[in-house]
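One structure is given below, encoded as structure tokens.
The values are calculated or read from the model by the stated rules, or taken from the named source; none is laboratory data. All values derive from a computational prediction rather than experimental measurement. Note that we place each Cβ from the backbone using ideal geometry, even for glycine, and neighbour counts take in every protein chain shown. Protein only, heavy atoms only, side chains kept; ligands, DNA and RNA dropped before computing areas. Shrake-Rupley method; radii C 1.70, N 1.55, O 1.52, S 1.80 Å.
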Amino acid sequence: MNDNYKKKILIVTDYYYPHISGIVTYIDQMINSFKNENYLITILTTQHDKNLDLIKKYRKIEIIRCKPTINISRGSYSLQLVYKFCKIYKKYDYINIHFPLTEIFPIFLFLSKNTILNYHCLPDFNFYQKIFSFYFYFFGLISIFISKKNVVLSKDYFENIFFHKFFLKNVVEIPPYVKDQNNKKLNPIKKNNSDVLKIGYLGRICEEKGLENLILASELLEKRKIKHKMIIAGDLEDMRF
């Protein structure tokens with residue numbers, strides 16, 4: 001590794017580019033900040049497509065992909081990822097875990113005060129798969145306790161998960177940001193009372209996204225006689241949902 005770099009960071013995530021998701025987008029935004037500060041970045045992830053290279057240089061970062069061992073629900077579990085992590089994690093100044101991470105067990109055993117946990121969400125499963133929900137909740141909770149800092153998109157979401165409010169001391173809220181094509185800052189638009197409030201959702205149409213909360217919010221706005229329009233968009237052809 002090049003010693004000219006300020007710090008060395010290992011980012012661990014189940015999915016990365018060319019996989020497309022909100023978490024991948026968030027990681028890319030974060031990587032841009034790290035590179036501006038002259039950090040050396042390695043990404044440890046799964047080989048979600050067998051045609052992808054196991055080791056690859058991409059935008060001056062090293063990507064290490066590990067073959068999945070078994071497919072579970074919509075994801076997979078990789079023993080190779082666990083092995084690779086145990087082999088290399090001591091070489092880095094910081095470990096950045098992006099949760100939910102299927103391999104959080106047994107990786108949580110090797111976390112320490114140089115670990116930064118990005119807690120994106122707690123996966124939700126149907127009635128017959130609740131054991132997976134408990135798996136992510138339990139080992140996620142232990143990881144929160146061990147990590148130096150826990151980064152969340154929304155403190156409100158985080159603290160409303162059972163028992164999480166006791167860990168707010170080490171929580172930092174960093175919401176996702178949006179910029180236009182010209183990299184200009186987007187300012188809130190002031191609306192008159194006569195304007196219609198537009199609420200939009202674009203993403204997977206599945207239970208874990210909390211779409212029922214949007215509908216309940218619409219009912220509350222309706223009761224308060226606030227003019228609004230709600231637009232929900234997603235892929236209806238995705239048979240997983």
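Can you give me the number of residues within the stretch 76-90 that are of a type in the set (V, I, T) and either in contact (Cβ under 8 Å) with a residue 60 or more places away in the chain or open to solvent by 50 Å² or more (accessible area, probe 1.4 Å) (or both)?
Looking only at that region, the number is 1.
Restricting the search to the stretch 89-103, which residues are under 21 Å from N38 (Cβ atoms) and either of a type in the set (G, A, S) or assigned to a loop (DSSP other than H, G, I, E, B) (or both)?
Y92, D93
Give me the pairs: first residue in the stretch 56-73 and touching a residue at least 12 places away in the same chain (Cβ under 8 Å), second residue of a type outside the set (A, V, I, L, M, F, W, C) and open to solvent by 50 Å² or more (accessible area, probe 1.4 Å), beta-carbon distance under 6 Å, and six or more apart or on different chains, which are they?
I63/K56; C66/Q80; C66/K84; K67/Q80
If you check every pair at least six apart or on different chains, which have Cβ atoms under 7 Å apart with a residue in the stretch 161-172 that is open to solvent by 90 Å² or more (accessible area, probe 1.4 Å) first and a residue that is hydrophobic (A, V, I, L, M, F, W, C) second?
F163/L141
Please state which one of D93, D124 is open to solvent by 50 Å² or more (accessible area, probe 1.4 Å), in contact (Cβ under 8 Å) with a residue 60 or more places away in the chain and within 18 Å of the chain's Cα centre (by Cα).
D124
Any residue in the stretch 5-20 that is closer than 21 Å to Y119 by Cβ and open to solvent by 10 Å² or more (accessible area, probe 1.4 Å) sitting within a Cβ distance under 9 Å of a residue that is of a type in the set (D, E, K, R) and at pLDDT 95 or above? List the pairs, counting only those 6 or more apart or interchain.
That search, which allows pairs on different chains as well, returns D14/E103.
Among residues belonging to the stretch 127-153 that are open to solvent by 40 Å² or more (accessible area, probe 1.4 Å) and free of Cβ contacts under 8 Å to residues at least 24 places away in the same chain, point out the one that is nearest to D93 (Cα to Cα).
In this case the residue turns out to be F145.
Which condition does L197 not pass, out of (1) open to solvent by less than 70 Å² (accessible area, probe 1.4 Å); (2) at pLDDT 80 or above; (3) closer than 27 Å to I31 by Cα, if it passes all the others?
It is condition (3) that L197 fails.
Collect the residues in the stretch 76-88 that are under 21 Å from L111 (Cβ atoms), among the hydroxyl-bearing types (S, T, Y) and not in a loop (DSSP other than H, G, I, E, B), keeping them in residue-number order.
Listed by number, the residues that qualify are Y77, Y83.
Filtering the stretch 40-75 down to residues that are over 22 Å from D28 (Cα atoms) and in a strand (DSSP E or B), which residue is least open to solvent (accessible area, probe 1.4 Å)?
Residue satisfying both the conditions and the ranking: I72.
Could you grab the pairs with beta carbons closer than 6 Å, sequence gap of 6+ or different chains, first residue in the stretch 204-225 and open to solvent by less than 90 Å² (accessible area, probe 1.4 Å), second one not in a loop (DSSP other than H, G, I, E, B)?
Qualifying pairs under 6 Å: S218/M230; L221/H228.
Only one of these is out of contact with any strand residue (DSSP E or B) (no Cβ under 9 Å at 6 or more places or on another chain), within 20 Å of I97 (Cα to Cα), at pLDDT 90 or above and not β-branched (V, I, T): L141, L153, L216. Name it.
Checking each option against the conditions leaves just L141.
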